[in-house]
Amino acid sequence: MKAIELRIGNQIYINNTVHKVTGADIFYISQNEVFGIENASCNPVKLTEAMLLKLDFKFEYEKMQDRVYSNGDFILYWNKQNGYRLYQDKFLSAGIFYLHQLQNLYQDITGKYISLS
């Protein structure tokens, strides 16, 4: 996980606890990158079905190897090999595996922030 992937308010693991990212967190991670220090205490939160449900996505159906979820006009297709693929009238993004990735895409498209809490 790189500092450039994060925004204030994203949720990541810091010391094994889900934490909302602050500007200081992003600065800390970016400084460690500059000096080649691994951020072992900062890790992305892997998306799960339980999280999607907390984010107001609804399970729609399962087809072949895909599980399909929706939130308004957003559709997420999930399978083990490709992660989540996001659609809104058309294909938007593939390879979504982590909560902060979905949060960033959702905010870019809607201007609204989604969060677990």
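Throughout, read-outs are computed from the coordinates displayed, never taken from laboratory work. Just so it is clear, the structure is predicted and the values come from calculations on it, not from any experiment. Don't worry about glycine lacking a Cβ; one is built from the backbone with ideal geometry, like all the others, and counts go over all protein chains shown.
Brief remarks follow.
- For region 1-44: rounded, prolate or oblate by the Cα gyration tensor [a/c cutoff 1.5]: oblate
- Loop-located trypsin sites (Lys or Arg not before Pro) in region 1-62, at most 16 other Cβ atoms within 10 Å (DSSP): 2, 7
- Estimated vicinal HN-Hα couplings, Hz - region 91-105 in sequence order (Karplus 6.51, -1.76, 1.60; Gly, Pro = x): 5, 10, 6, 10, x, 8, 10, 10, 4, 5, 5, 5, 4, 5, 5
- At most 10 other Cβ within 10 Å, DSSP loop - chymotrypsin sites (Phe, Trp or Tyr not before Pro), region 13-79: 35
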